[in-house]
1. Test ASP270 against the stated conditions and say whether it is under 20 Å from the mean Cα position of the chain (by Cα), on the phi < 0 side of the Ramachandran plot, in a loop (DSSP other than H, G, I, E, B) and surrounded by fewer than 21 Cβ atoms within 10 Å (Cβ to Cβ).
2. For region 100-115: of the residues being over 26 Å from PHE147 (Cβ atoms) and either open to solvent by less than 10 Å² (accessible area, probe 1.4 Å) or among the polar types (S, T, N, Q) (or both), which is nearest to the chain's Cα centre (by Cα)?
3. So for region 203-210 (the condition being of a type in the set (S, T, N, Q), free of Cβ contacts under 8 Å to residues at least 40 places away in the same chain and surrounded by 21 or more Cβ atoms within 10 Å (Cβ to Cβ)), does at least one residue qualify?
4. Of all the strands (runs of 3 or more DSSP E) wholly in region 124-223, which have at least 2 residues that are within 12 Å of the chain's Cα centre (by Cα) and not basic (Lys, Arg)?
5. I'm trying to understand the selection: among the residues of region 42-56, which are among the small types (Gly, Ala, Ser) and either without any contact (Cβ under 8 Å) to a residue 12 or more places away in the chain or open to solvent by 10 Å² or more (accessible area, probe 1.4 Å) (or both)?
6. May I ask you to list the residues in region 7-26 that are under 18 Å from LEU132 (Cβ atoms), in contact (Cβ under 8 Å) with a residue 12 or more places away in the chain and touching a strand residue (DSSP E or B) at 6+ places or on another chain (Cβ under 6 Å)?
7. I'd like the residue in region 46-94 that is among the β-branched types (Val, Ile, Thr) and not in a loop (DSSP other than H, G, I, E, B) and, out of all such residues, is farthest from VAL170 (Cα to Cα).
Amino acid sequence: MQTIETRSQHLCFGGIQGFYQHDSSIIGLPMRFSVYQPPQSMSEQVPTLFFLAGLTCTEETFMIKAGAQRLAAEYGLMLVTMDTSPRDTGIPGETDTWDFGAGAGFYLDATQAPWSNHYQMASYITQELRELILKTFPADPNRLGIFGHSMGGHGALTLALKNPSMYQSVSAFSPITAPIHCPWGQKAFSHYLGDNTDSWRNYDATALIENGARIPALLVDQGLNDQFLSDQLHPDRFEAACLNAGQELLLRRHNDYDHGYYFISTFMADHLAHHRDLLANR
């Protein structure tokens, strides 16, 4: 079993909020993650949700800002989140911009050097971190969900669509749903995946739906005062693809809400209830 370094633990709503680090064999570097264990996990395995955060975030952002622990304690849900990229890889230019490189791993497996040496976030989350959580914490392997925000919403959707038997519940806040059509995605994919745009479709939620991938009933919330809505997120494209394909989707649009954690925390209860209900009787 891998050695996990406990960086800190805190009593929170009767459960334990912990921050951890381990040496990742897939990333080839230390990776940080955080886990909230609800009170119910002290005596039984519990449903577990993986949250993927957005650009510039870390393994701490969601746990500090989302206000999720109180509800997770009530519903008996374990929460797991991880850093958004490898760190301190030594790759030139890794920290030059906020929307690419460090803090912007886009939850994919890079195929292009030098990024391919360490930027293997898709495999890290679906293989190594998943196995680490299941072996080390009281997570029920048959009741796993995934959700995320912005870049992390993109990650949650694509990882679920590419691994349909792994996650039994999925949701997203303000996800990048068609990255091949937005500046963030085009910048990241061209560096991580190369110039063959056909390969980009493997990490585009809209394209995956168009190609026949399916996931459980999906909840997506989008603020209409989101500064990135028109250029980066493209929920209309995703909605149309889901409608055409018969993918069950509840896309809720909210007047005046923006892209940040005030929006996320407002609707967190709905998302946790969505996951609780889908995972309850499995």
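The values are calculated or read from the model by the stated rules, or taken from the named source; none is laboratory data. It should be emphasised that the depicted structure is a prediction, and the values quoted were computed from it without experimental measurement. Here the Cβ is made from the backbone with ideal geometry for all residues, glycine too, and neighbour counts use every protein chain on show. Each accessible area value is taken on the protein alone, full model and side chains, heavy atoms only, with ligands, DNA and RNA left out. Shrake-Rupley method; radii C 1.70, N 1.55, O 1.52, S 1.80 Å.
1. So ASP270 does not fit the description; no.
2. Top of the filtered list is THR111.
3. Yes, because at least one residue in region 203-210 is of a type in the set (S, T, N, Q), free of Cβ contacts under 8 Å to residues at least 40 places away in the same chain and surrounded by 21 or more Cβ atoms within 10 Å (Cβ to Cβ).
4. 139-149, 169-173
5. SER43, the sole residue that qualifies.
6. Residues satisfying the conditions are ARG7, ILE16, GLN17, GLY18, PHE19, TYR20, GLN21, HIS22, ASP23, SER24, ILE26.
7. ILE64
This table checks each residue for (1) surrounded by 22 or more Cβ atoms within 10 Å (Cβ to Cβ); (2) more than 21 Å from ALA122 (Cα to Cα); (3) touching a helix residue (DSSP H, G or I) at 6+ places or on another chain (Cβ under 8 Å); (4) aromatic (Phe, Trp, Tyr).
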| position | (1), (2), (3), (4) |
| --- | --- |
| GLU59 | yes, no, no, no |
| ARG70 | no, yes, no, no |
| ALA73 | no, yes, yes, no |
| LEU77 | yes, yes, yes, no |
| MET82 | yes, no, yes, no |
| SER85 | yes, no, yes, no |
| GLY90 | no, no, no, no |
| GLU94 | no, no, no, no |
| TRP98 | no, no, no, yes |
